[in-house]
Amino acid sequence: MMQILKDNKTQLMLLGAFISLYALMALATYLFFPVENMLPDQTMPAALQNIPKWVLGAANGFIVLVFYGLLGLAGLWFSVQLGLPKVFRTGDGWKKWLWSPMLWGAAIGIVFVGADQLFAFLGGGKGFPHPPFPFSVIASASAGIGEEILFRFFMMGLWAYLLNLWLKRRGATKTALWLGNVIAALAFSATHIPGAMIILGIKNFADIPANIMAELFILNGLLGLIAGDRYIRYGLVAAIGVHFWTDIVWHVLWPLLQ
């Protein structure tokens, strides 16, 4: 019993550390990276321009703490109900925490680079633009933490839990997990559409080129499915690692090499 309580405390502390880091990065974004330097043709809304940056950053950080804190607690509950490793699988070492996610992320990032060049060639474009360095590092870390808590820990957990209420009678809990993984991966891909429209200067949904839409769903879907698999096997920390290292290769290293 004492060991279980100690493990649960460690799980909560690590989850809180990830969310706190995300909140600090939200604060740093407002303090050090003007919006016009992060996105093309974008400016701070007029209603917010007279508010001190530290106030905006602190407010955004507070929202991150509350919103992702609630999502994280819900995701933790779903993981317990489904028998998943929660934030991390007890007994795993650095191989599962760091090296394996790094290798998976690097491989997926390389696939992203190659596929982006192919889709750009097929569509006659130049490929997706990337956040400027060093903001790209913060963006990669923020996405790795925030999106994995939202889509893997919470959304995948929610759908897997609901589906398992029906499927577990048939001994198909694994099926429920993978259906939840697919649903979360599709949602993860779809939520990248508005950001892509802003970055590419596209005003209407109907004007999104077919090659851009295909790239969004194929590449983000691939990342989502693999991150979901790592979560099922080793816990949230593995999914965050895969996502983070994918973005480091795709959004940081590749633009610097260019």
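The values are calculated or read from the model by the stated rules, or taken from the named source; none is laboratory data. Quantities reported herein were computed from a predicted structural model and do not represent experimental measurements. Backbone-built Cβ (ideal geometry, glycine too); neighbour counts: all protein chains shown.
Got at least one residue in region 164-180 being over 29 Å from TRP250 (Cα atoms), buried (at least 17 other Cβ atoms within 10 Å of the Cβ) and of a type outside the set (Gly, Ala, Ser)?
Yes: region 164-180 contains one or more residues that are over 29 Å from TRP250 (Cα atoms), buried (at least 17 other Cβ atoms within 10 Å of the Cβ) and of a type outside the set (Gly, Ala, Ser).
Taking the condition of being in contact (Cβ under 8 Å) with a residue 60 or more places away in the chain, in a loop (DSSP other than H, G, I, E, B) and either in contact with a Leu (Cβ under 6 Å, 6 or more places away or on another chain) or surrounded by 17 or more Cβ atoms within 10 Å (Cβ to Cβ) (or both), how many residues in region 110-132 meet it?
Result for region 110-132: 3.
Based on this model, can you work out whether ALA58 counts as in contact (Cβ under 8 Å) with a residue 60 or more places away in the chain, aliphatic (A, V, I, L, M) and assigned to a helix (DSSP H, G or I)?
No: the conditions fail for ALA58.
ALA107: surrounded by fewer than 20 Cβ atoms within 10 Å (Cβ to Cβ), modelled with pLDDT of 95 or more, touching an Asp or Glu at 6+ places or on another chain (Cβ under 9 Å) and not charged (D, E, K, R), yes or no?
No; evaluated as a whole, the condition is false for this residue.
Sort out which residues of region 133-149 are exposed (fewer than 14 other Cβ atoms within 10 Å of the Cβ) and either touching a residue at least 40 places away in the same chain (Cβ under 8 Å) or not in a loop (DSSP other than H, G, I, E, B) (or both), and write them in order of number.
PHE133 - this is the single residue of region 133-149 that is exposed (fewer than 14 other Cβ atoms within 10 Å of the Cβ) and either touching a residue at least 40 places away in the same chain (Cβ under 8 Å) or not in a loop (DSSP other than H, G, I, E, B) (or both).
Just give me the residues in region 89-101 being in contact (Cβ under 8 Å) with a residue 12 or more places away in the chain and over 19 Å from the mean Cα position of the chain (by Cα), in sequence order.
ARG89, THR90, ASP92
ASP116 fails exactly one of the following numbered conditions: (1) under 22 Å from LEU219 (Cα atoms); (2) at pLDDT below 85; (3) of a type in the set (D, E, K, R). What is the number of that condition?
Result: ASP116 fails condition (2) only.
Output the residue which, of all residues in region 167-191 that are under 21 Å from GLU147 (Cα atoms) and of a type in the set (Val, Ile, Thr), is nearest to the chain's Cα centre (by Cα).
THR191
Do we find a residue being closer than 18 Å to GLU215 by Cβ and not in a helix (DSSP H, G or I) anywhere in region 95-109?
There is no residue in region 95-109 that is closer than 18 Å to GLU215 by Cβ and not in a helix (DSSP H, G or I).
If you scan region 110-164, which residues turn out to be β-branched (Val, Ile, Thr) and more than 29 Å from GLY69 (Cα to Cα)?
Within region 110-164, ILE110, VAL111, VAL113 meet the criteria.
Just to check your reading of the model, which residue among ALA74, ALA17 is closer than 30 Å to GLY171 by Cα, of a type in the set (Gly, Ala, Ser), at pLDDT 95 or above and assigned to a helix (DSSP H, G or I)?
ALA74
Which of the helices (runs of 4 or more DSSP H) contained wholly in region 150-249 include at least 3 residues that are among the small types (Gly, Ala, Ser) and more than 27 Å from MET13 (Cβ to Cβ)?
It comes to 173-190, 210-234.
Just to be sure, is PRO194 under 24 Å from LEU71 (Cβ atoms), surrounded by fewer than 13 Cβ atoms within 10 Å (Cβ to Cβ) and under 21 Å from the mean Cα position of the chain (by Cα)?
yes
Does any residue in region 68-88 that is in contact (Cβ under 8 Å) with a residue 12 or more places away in the chain and on the phi > 0 side of the Ramachandran plot come within less than 6 Å, Cβ to Cβ, of a residue that is buried (at least 23 other Cβ atoms within 10 Å of the Cβ) and outside any loop (DSSP other than H, G, I, E, B) six or more places away or on a different chain, and which pairs are these?
If the second residue must be buried (at least 23 other Cβ atoms within 10 Å of the Cβ) and outside any loop (DSSP other than H, G, I, E, B), the pairs left are LYS86/SER79.
Being at pLDDT below 90 and of a type in the set (D, E, K, R) is the requirement here; does LYS86 meet it?
Spelling it out, it is not the case that LYS86 is at pLDDT below 90 and of a type in the set (D, E, K, R).
For SER100, are the conditions met, namely being closer than 15 Å to PRO255 by Cα, crowded, with 18+ Cβ neighbours inside 10 Å and either among the small types (Gly, Ala, Ser) or modelled with pLDDT of 95 or more (or both)?
No.
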